[in-house]
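Down below is the structure, laid out as structure tokens.
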Amino acid sequence: MSDVIVIGGGPAGLAGAIACASSGLNVTIVDEFIKPGGRLLGQLHQEPSGEWWNGIKESERLHQEARKLSVDIRCGVSVYNLEKENHLWNVYTNSGTLTAPFVLVATGAAEYPIPLPGWTLPGVMSIGAAQVMTNVHRVQVGKKGIIIGANILAFAILNELQLAGITVDRIVLPERNQISQKAGEPEEVMKSLLNAAHLAPSPLLRFGSRFMRRDWIRKIGLNFYPKNGVKVNGTPLQLRKAAIEIIGKDHVEGVRIADIDANGTIIAGSETIYEADFVCIAGGLYPLAELTAVAGCPFQYIPELGGHVPHHSETMETPLEGLFVAGNITGIESGKIAMAQGTTAGLSIAKHVGKGAGTIDEQLQQAVKNVRTVRQHAAIQFNPEINSGRSKMNQLWDDLYANNNREDSPKKIV
Amino acid sequence: MANMGEIVICRCEEVTYGQLQATAEEHKCTARELKLRTRAGMGFCGGRTCRPSLDRILESVIPNIAPGEIPLKYQPPIRPVTFGTVGENQ
Ligand SMILES: Cc1cc2nc3c(=O)[nH]c(=O)nc-3n(C[C@H](O)[C@H](O)[C@H](O)COP(=O)(O)OP(=O)(O)OC[C@H]3O[C@@H](n4cnc5c(N)ncnc54)[C@H](O)[C@@H]3O)c2cc1C
Ligand code: FES
């Protein structure tokens, strides 16, 4: 029996496993993908410093390190349930049940959908699928595409598609409705993009970011927003256009697009069909926390973190004894932060087991501090209000679980 | 403008926005009941694709969902498995 089972072999899970194994614990990682690395495998971008972030190299490095420490890594294994029985966790997988006193859930994130007419046609995919096909499988997703949804993830992957020589014709918004909500309102989209202006290599956004933070200026800015959009790396970003329908007989042939006003209301009679042979839907990311939910962990809805997240402390423990979390399951952030959180979770587990005599508290504190530092310097930040989201969770943890005497506190749900 | 009613929300089970709205209105149902009546969220992907949309539809049908609650509860198995696999584990 392993001491620790890590579910998910992305940056958080790998770093967590490495920290546990370095402290002398026996670790097994299970991941349902064909190889370890998680979402790192698709990532390729240039940092503001000019340095390249190559996710494939980064995941190879982590993988090697984990193997050197004799971590047992099992790929192609899906976990479908997680349950506690007699002080041990049962991890149910499609190739048998594993049991351990400690479990680290690092299952990452999933993508928000944007349903619209025609989105079930072949050739329509989520932006993340386009990333995996391009950078992991090296398959060309199409010749000319349209991205629906303007957010940080869309920009990062736009760049990757361009590097692979694939033409992205334009980025437009989804039609505003009950499901797309803010993603269909130009003003809201502009607001969130301005906070990440350093990522948008467009003069308007960069230049505008300082003074367009004021509401009224933003409104004027949007009213004068060029009809054909501003170019992001050569691809027009059209904040005043919305996708109404994806059309095609057996495959995507184009997108019906209409002009919209600053609030996202469609301007009648402005519809045009633009040709495309693939469409990427970029709805943003949410924490994939299903396993902690079936395990019985309490949740909180924190929009800044991407949605519903399991209750957790800054040292990555949940209220369930022996259950830890790290990475995007705790809130949507970039790969480096997931890694730092993984290390924290690993040390936290080591501490619970009683490893790392003497120095463990200090190591753990250092790791928590490191998460904050990495966050401060992150090149990609998915939600500009991330710090407020993190404080909300820390506050909640303090209120609910930490106020009691720390040691033998009754906080744990056993 | 698009006809909202015809948009497929749950791709696995091919349930449209119109069907969900009509069912919710007719039966004034809870999240779980809406799922069971329409099968939305019960397909092969285990709701990974449609759950966020379902949540937003539910928000409008069931007001005042507490921030500590997940509108549509998660149930194991969260991945498709054969009866054999589940059976062997018992
Ligand atoms: C589509 C997409 C694109 C992204 N692009 C970028 C980007 O360009 N730059 C950036 O900085 N960040 C990006 N991110 C954010 C990304 O989530 C983080 O960078 C980082 O990879 C998070 O690490 P993680 O370890 O928490 O999760 P992940 O890297 O997502 O790893 C989670 C792992 O868990 C496995 N898993 C999940 N559920 C189960 C289960 N039930 N059973 C077994 N295994 C399971 C998955 O197979 C996966 O390998 C992207 C995220 C997504 C979803
Ligand atoms: S899309 Fe609804 S269950 Fe898969």
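Just so it is clear, none of the values below were taken in a lab; they were calculated from the coordinates. This one's a predicted model, so the numbers in the text were calculated from it and none came from an experiment. Backbone-built Cβ (ideal geometry, glycine too); neighbour counts: all protein chains shown.
Some notes on this structure:
- Rounded to the nearest 500, the helix-only mean residue ellipticity at 222 nm of the protein assembly as shown stands at -9500 deg cm²/dmol, with each DSSP H run of n ≥ 4 adding -39,500 (n - 2.57).
- With Cα atoms, 0 to 90° folded angle of helix A:152-163 axis to chain A main axis: 70
- Label-to-label distance, A:Asp261 versus A:Lys182, with points set 7 angstrom from Cα along the beta-carbon direction: 2.2 nm.
- Counting DSSP beta bridges with both ends in region A:45-180, the antiparallel % (nearest 5): 70
- Residues A:Ile34, A:Ile157 in ascending order of nearby Cβ atoms (within 10 Å, fewest first): A:Ile34, A:Ile157.
- For chain A, a Gaussian network of Cα nodes joined below 10 Å ranks A:Gly254, A:Gly221, A:Gly96 by mean-square fluctuation, and the top entry is A:Gly96.
- To the nearest ten degrees, helix A:335-353 and the longest principal axis of the Cα atoms of chain A are 20 degrees apart.
- Net charge contributed by nearby residues that have their C-beta within less than 11 Å of A:Thr167 (K/R +1, D/E -1): +1
- Inter-chain Cβ neighbour average for residues A:112-124, partner chain, 10 Å: 4
- Choice from A:Lys231, A:Lys68, A:Lys355 showing the highest fluctuation, given a GNM over chain A with Cα pairs closer than 10 Å: A:Lys68
- Radius 15 Å from Cβ of A:Gln46, net charge of other residues (Lys, Arg +1; Asp, Glu -1): -2
- Distance between the pseudo-spin-label points of B:Ala22 and A:Leu121 (7 Å out from Cα toward the beta carbon): 2.5 nm.
- Shape call, region A:354-399: gyration tensor on alpha carbons, a/c limit 1.5: oblate
- Highest average packing first - A:186-192, A:85-91, A:266-272, Cβ atoms within 10 Å: A:186-192, A:85-91, A:266-272
- Other protein chain Cβ atoms within 10 Å, averaged over every residue that makes up A:244-252: 1
- In a DSSP loop and with at most 10 other Cβ atoms within 10 Å, the trypsin sites (Lys or Arg not before Pro) in region A:70-178 are A:Arg138.
- For chain A, the longest principal axis of the alpha carbon atoms and the long axis of helix A:386-397 meet at an angle near 40°.
- With the simple spin-label model, which puts each label point 7 Å out from Cα in the Cβ direction, the A:Glu271 to A:Ala378 separation comes to 4.0 nm.
- In order through region A:226-238: 3J(HN,Hα) via Karplus (6.51 cos²θ - 1.76 cosθ + 1.60), integer Hz, x for Gly, Pro: x, 4, 8, x, 10, 8, 10, 6, x, 9, x, 9, 9
- Full-stretch length increase - B:Arg32, B:Lys73 - with 0.36 nm per residue and alpha-carbon distance subtracted: 14.0 nm
- Candidates B:Gly18, B:Gly47, B:Gly68: whichever shows maximal mean-square fluctuation once chain B is modelled as a Gaussian network with Cα springs under 10 Å: B:Gly68
- 35 Å tail of the calculated P(r), the protein assembly as shown, as % of Cα pairs: 34
- Other residues whose C-beta falls under 14 angstrom from the C-beta of B:His27 contribute a net charge of +1, scoring Lys and Arg +1 and Asp and Glu -1.
- Counting DSSP beta bridges with both ends in the protein assembly as shown, the antiparallel % (nearest 5): 55
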